[in-house]
Amino acid sequence: MLSTDREIKVILKATVLGCALLNKRLLCRCKLDPIQSVFPEHMRSKTITLILEEGTPHGLRVLQMKGWSGKLFVCGRSTVKKLKDLEEASLPAAYILIGDGEVYVGETDTLGQRLTDHVRSKDFWHDLVAFTSPDLQKTEVKYLEHVLVSRLVEAKKVKLLNGGSPKAPTIRKEIKDAVDEYLERAVDVLLSIG
């Protein structure tokens, strides 16, 4: 369904098997293999909305899943400016900067400002994956950062450029469970683009 020249929404019913085919069709340039290898495959059917903000699969991609309040943003370094213009750029977020065999995982109160800083101060990266939701607060994105770093360290597939592993923040069990569910859905969405 084409809603404007700049925005294309594609409703996908896909298993991880179908996701590999989708990745080839979209000619996705983002190199997410190190991230994919960290998370187990989820095999149930899901509906995912993909918005190509610039009308091309090589620009800013916004992904959502039906029944999930989160949004996942994937873009190259050169399209970060477009992300900063979105309403969600003012929200707390966890993010991954991806270079050739190296990654940096971070969290922030305001995604747009932090990305501006990283464009100026970190040269290694060419792709970005950011996780946000109006439901996430600072403690929850700190927990997301902790889990992402822990899984990447455990997988030993990429060079992690973080100075150290962030400590898990003190978080109530019910909030931890909700954030773990958020991350599981975020991984499903991420895997859908390859």
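Here is how the numbers come out for the structure above:
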| item | result |
| --- | --- |
| Phi-based couplings in Hz for the range 172-181 (Karplus 6.51, -1.76, 1.60; Gly and Pro marked x) | 5, 4, 5, 6, 4, 4, 5, 6, 4, 5 |
| Partner aspartates and glutamates for Lys81 [C-alpha distance under 20 Å; skip if fewer than 8 residues away on the same chain] | Asp5, Glu7, Glu53, Glu54, Glu107, Asp109, Asp117, Asp123, Asp127 |
| Accessible surface of the range 102-194, 1.4 Å probe, proportion on carbon and sulfur as whole % | 47 percent |
| Carbon/sulfur fraction of accessible area - the range 59-98, other protein chains in place, 1.4 Å, % | 48 percent |
| The range 43-174, accessible area per residue, ligands and nucleic acids excluded (1.4 Å, Å²) | 47 Å² |
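The values are calculated or read from the model by the stated rules, or taken from the named source; none is laboratory data. Predicted model only: the values in this text are computed from it and were never measured. Only protein heavy atoms, including side chains, enter the accessible area calculation; ligands, DNA and RNA are left aside. Shrake-Rupley method; radii C 1.70, N 1.55, O 1.52, S 1.80 Å.
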